[in-house]
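Reviewing the structure listed below.
Bear in mind these aren't lab numbers, they're just calculated from the coordinates by the rules spelled out. Fair warning: this is a prediction, and the values are worked out from it, not measured in the lab. Positions of Cβ are backbone-derived with ideal geometry, glycine not excepted, and every protein chain shown enters the neighbour counts.
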Amino acid sequence: MKIGIVRFPGSNCDQDCHRAVDEGVGAEAVYLWHKSHDLEGCRAILLPGGFSYGDHLRAGAIARFSPIMREVIAFARDGGPVLGICNGFQILCEAGLLPGALVRNDSLRFRSYPVRVRVEQADTPFTSEYEEGDVLRMPIAHGEGQYVADRSAIEALESERRVIFRYVDELGQPTEEANPNGSARNIAGICDEGRRVVGLMPHPERVVSNLLGADGLGVFHSLIGSVRATGDGTATQALEAGDGPAAQAPETPATQAAEAAEASAP
């Protein structure tokens, strides 16, 4: 079983993700370069934290057009599990795989310290090893982590049980003081309508050991269990056979721009 970790120029949490997959849960972790169009048969994709393309324009805005994102988007639309952590969450929003956006923290300061998040839903590929209501301690490290969306999108996330993690205090309550960045409704992580794409701002890959804490390990154990439960990897096989969304995706101005930029990308 291979888990792919996409490396963009400016990624800096890719090795942490690799260690979490390899040493944390004993699966095979492989790096996928941003200029590639090959997911190499991976059964799940991780978009790690960092500052892809130096956060130019805005966080994730350029990485969204990296060549490999065409395959990631097709993989996700075919039901493949995709996790975006911090900058990866920003990229998923920019790519349209998750609603809303991540903007400057309300403090206008970079925030880097441990926070508490409550598991709101345990029925995704990344939370099935937790119980709803579990309070986890994970670090954050971001300057643009304030989750925003219009009122209808927020209400849809709540009513459809798509808020996956929420910032809370030591008593498990979503207070204003527990919110490190001003995110709407204390939202720390969400999923897509199919519940297979998840993005969160805290870093579970940094707490997968007894030394630093292991609250994030459940994210990766959940993923491995979910992938094994799906059997032979239908999504990946469909893409490799050319009969999945990757082969059917229509050309758009955005994809045309991405193709034009591919040759000059670092």
Item to check | Qualifying positions in segment 31-51 - within 21 Å of Ser226 (Cα to Cα) and either among the small types (Gly, Ala, Ser) or without any contact (Cβ under 8 Å) to a residue 12 or more places away in the chain (or both) | outcome: Gly41, Ala44
Next on the checklist: I'd like to verify a number: residues in segment 204-220 that are farther than 22 Å from Tyr167 by Cα and surrounded by 20 or more Cβ atoms within 10 Å (Cβ to Cβ), how many?
Outcome noted: 0
Checklist entry - Any chance segment 17-30 includes a residue that's within 14 Å of the chain's Cα centre (by Cα) and either crowded, with 18+ Cβ neighbours inside 10 Å or in contact (Cβ under 8 Å) with a residue 12 or more places away in the chain (or both)? => result yes
Next on the checklist: Among the residues in segment 183-192, are any in contact with a strand residue (DSSP E or B) (Cβ under 9 Å, 6 or more places away or on another chain), over 27 Å from Phe75 (Cβ atoms) and surrounded by fewer than 21 Cβ atoms within 10 Å (Cβ to Cβ)?
Outcome noted: yes
Next on the checklist: Looking at segment 56-96 only, could you name the residues that are among the charged types (D, E, K, R) and touching a residue at least 40 places away in the same chain (Cβ under 8 Å)?
Outcome noted: Arg58, Arg70, Glu71, Arg77, Asp78
Checklist entry - strands (runs of 3 or more DSSP E) wholly in segment 107-172 with at least 1 residues that are more than 26 Å from Ser209 (Cβ to Cβ), in contact (Cβ under 8 Å) with a residue 24 or more places away in the chain and aromatic (Phe, Trp, Tyr) - which ones? => result 146-148
Checklist entry - Which residues, taken from segment 123-163, are within 24 Å of Val227 (Cα to Cα) and touching a Ser or Thr at 6+ places or on another chain (Cβ under 6 Å)? => result Pro125, Phe126, Thr127, Ser128, Glu129
Checklist entry - Is it the case that some residue within segment 73-90 is surrounded by fewer than 24 Cβ atoms within 10 Å (Cβ to Cβ), among the basic types (Lys, Arg) and farther than 27 Å from Arg228 by Cβ? => result no
